[in-house]
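What follows is a single structure, written as structure tokens, with notes after it.
The values are calculated or read from the model by the stated rules, or taken from the named source; none is laboratory data. Just so it is clear, the model here is predicted, and its values are computed rather than measured. So basically every Cβ, Gly included, is an ideal-geometry build from the backbone, and we count neighbours across all protein chains shown. For accessibility, only protein heavy atoms count, side chains too; no ligands or nucleic acids. Shrake-Rupley method; radii C 1.70, N 1.55, O 1.52, S 1.80 Å.
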Amino acid sequence: MCGIIGIMFKKEGNIGGYLLQTMKSLQHRGTDSAGVAVYANNLGEENAFVLVAEVADTPGAIGKLGNAIGSAGGDIRNISFRASPHGETGVNTYTIRVPNEEALQSVVKNINATDVGKVYSYGKSVRVIKDLGKVEKLEVGYHISEMNGTHGIGHVRFSTESRVDRKHAHPFHTDTFPDIAVVHNGQITNYHKIRGKLERKGFSFATENDSEVIVYFITDQLQQEKTLGEALEESVKRLDGPFSYIVSTPNAIGIARDKLGLRPMTLAQDDKGYYAASEEVALLDICDSSDLNYLKPGEVQVFEREEN
């Protein structure tokens, strides 16, 4: 019984503050972990990317990650640090410049190959922040309420199957496709079957969490040049079990609900933007309109970013 939220602003604003407020409203749905993926305007510089990584709080860790980035051809332009309120780790946000996409992939692989770092997200616009515990702890450690952007997704987790650690917390990102993230409520009962097919295509999974299969399934569909809406529709056809999920890309948020409608999804909009959440209470806290809609069983919805 997890809580998920997606917000698409019509203009860039305090997306972190909105996500924080709605996630607090959904806190009763899970206290194991909390996380967000926030999208800002793309970096203007060519071959410049934002990379967010978990870093162990051990001597020399920062240097190891710097060497991992540099040895792959990456040039660190900026770095910011946030310490986990639980200790042991922190989250570093790097702005890096690389000569090409191949070098970017090498940077990600090099960081993940160290014993002190794990990439949470990378791309032109996305920043994934997640940690154990309640939403208020996430705010204490990472100042989510200060994050501005155009859109984002959030998650509070109650674990029913896989382990409780930062690696299994949501949102899920991929190591092969930048700027895409997923939050999920429910179970994918044919997870192993779908995962096997994706692995045979070359996708590499980092966890045993069934939610991770969604982000790679959508990635696979997008790489086949399907639209986000088409990818969502295909997921509803091929994924089994009770689920609802929200996927985010640089220009859109997509929402899907299982064929039987066993997991809820509520939608709303006002002059500021578009909203989706597991429960009405989260939307009534932030939306100026009380006119709520409910995603039907097997239905999908896409909110696309408006050009400012």
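Projecting the Cα positions of HIS170, GLY241, GLY73 onto the charge dipole of the chain (unit charges on Cβ atoms of Lys, Arg, Asp and Glu, taken about the Cα centre) puts GLY241 furthest along the positive direction. Of all aspartates and glutamates in the structure, those lying under 12 Å Cα to Cα from LYS130, and not within fewer than 8 positions of it along the same chain, are ASP32, GLU54, GLU139, ASP165.
Compute the acute angle (0 to 90°) between the alpha-carbon long axis of helix 228-238 and the principal axis of greatest extent of the alpha-carbon atoms of the chain; round to the nearest 10°. In the chain, helix 228-238 runs at an angle near 70 degrees to the longest axis. Between helix 61-71 and the chain there is an angle of about 80 degrees, using the helix long axis and the longest principal axis of the Cα atoms. Computed from Cα positions, the angle between helix 212-223 and the longest principal axis of the chain comes to roughly 90 degrees. Counting protein heavy atoms only, the chain has 46 percent of its accessible area on carbon and sulfur, 1.4 angstrom probe.
Cross-link partners for LYS137 among the lysines, with Cα-Cα distance under 18 Å and sequence neighbours closer than 8 places in the same chain left out: LYS24, LYS167.
If you place +1 on the Cβ of every Lys and Arg, -1 on the Cβ of every Asp and Glu, and leave all else neutral, what size is the dipole of the chain about its Cα centre, to the nearest 20 Debye? Let's see the in-between values first.
Details: 33 positive and 41 negative charges, 124 e Å.
Using Cβ point charges on Lys, Arg, Asp and Glu, the chain gives about 600 debye.
Taking all protein chains into account, the per residue accessible area for region 44-124 stands at 47 Å² (1.4 Å probe).
In summary, region 44-124 shows an alpha-carbon radius of gyration equal to 1.01 times the 2.2 N^0.38 Å reference for compact globular proteins. Computed about its Cα centre, the charge dipole of region 44-124 is approximately 60 debye, with only Lys, Arg, Asp and Glu carrying charge at their Cβ.
Calculated from DSSP H runs of 4 or more alone, at -39500 (n - 2.57) each and per residue, what is the 222 nm mean residue ellipticity of the chain, nearest 500?
Numbers: 8 runs with 81 residues, N = 308.
Helices in the chain give a 222 nm mean residue ellipticity of -8000 deg cm²/dmol.
Which of the three applies to region 82-221, rounded, prolate or oblate, going by the alpha-carbon gyration tensor with a ≥ b ≥ c and a/c under 1.5 meaning rounded? Cα axes put region 82-221 in the oblate bin.
Against the set (1) -0.78, -0.92, -1.05; (2) -0.87, -0.96, -1.02; (3) -0.50, -0.61, -0.73, the structure's computed log10 I(q)/I(0) by the Debye sum over Cα atoms at q = 0.10, 0.11, 0.12 Å⁻¹ falls on (3). Each of the peptides 163-173, 232-242 was scored by the mean count of other Cβ atoms within 10 Å over its residues; in descending order, highest first, they stand as 163-173, 232-242.
Within straight-line reach of LYS259, meaning a Cα separation under 27 Å, sit the following lysines at least 8 residues removed in sequence or on another chain: LYS193, LYS197, LYS201, LYS226, LYS237, LYS296.
Modelled this way, with points 7 Å down the Cα-to-C-beta line, the labels at ASN42 and VAL164 are 4.1 nm from one another.
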